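Undergrad: Handing you a structure now.
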Amino acid sequence: MTITSAQRIAIAAAQAASDKKAEDIQILKMPAVMVDTDYFVICSASTYVQIRAIVSAVIAELEEMNLSLLRHEGRGNNNWVLLDYGDVVVHVFLEEDRRYYDLEKLWADAERVPFE
């Protein structure tokens, strides 16, 4: 299987989140169910401090790959932060909000991509 550049970005983002102890990290391959992006990276954190640490780690890792952040939604003590890199969108949730929004169920037809 050939790994695309977008998949490499998604894996790098997932690994950066994992390094900050993000929980239940999922990479969803989106083209079959959505035309706007290739991958979603979804993860959970138990505190606002951890959300900020995960977000900072993902941004730093992808900056090292010379990628520009197109949009950053949710700052401070938000329960959901979205980082849009075009082909890859990273979602970092507070645990209870992730259960509430349940993006994995919403996008149940998306292929899961292993990253570790």
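Undergrad: Go through (1) surrounded by fewer than 15 Cβ atoms within 10 Å (Cβ to Cβ); (2) basic (Lys, Arg); (3) within 14 Å of the chain's Cα centre (by Cα) and name the single condition LYS20 misses.
TA: It fails just one condition, (1).
Undergrad: Further, regarding this structure: From the list GLU95, GLU64, which one is surrounded by 13 or more Cβ atoms within 10 Å (Cβ to Cβ), more than 15 Å from GLN7 (Cα to Cα) and of a type in the set (D, E, K, R)?
TA: On the way: GLU64 fails: surrounded by 13 or more Cβ atoms within 10 Å (Cβ to Cβ).
Answer to the check: GLU95.
Undergrad: Consider LYS20 carefully, then state whether it is more than 21 Å from TYR100 (Cα to Cα) and touching a Ser or Thr at 6+ places or on another chain (Cβ under 9 Å). Outline the logic, then answer.
TA: Values: more than 21 Å from TYR100 (Cα to Cα): yes; touching a Ser or Thr at 6+ places or on another chain (Cβ under 9 Å): yes.
Against the criterion (more than 21 Å from TYR100 (Cα to Cα) and touching a Ser or Thr at 6+ places or on another chain (Cβ under 9 Å)), LYS20 qualifies.
No value in this document is a laboratory result; all are computed from the given coordinates. Just so you know, these numbers come straight off a predicted model, no measurement behind them. So basically every Cβ, Gly included, is an ideal-geometry build from the backbone, and we count neighbours across all protein chains shown.
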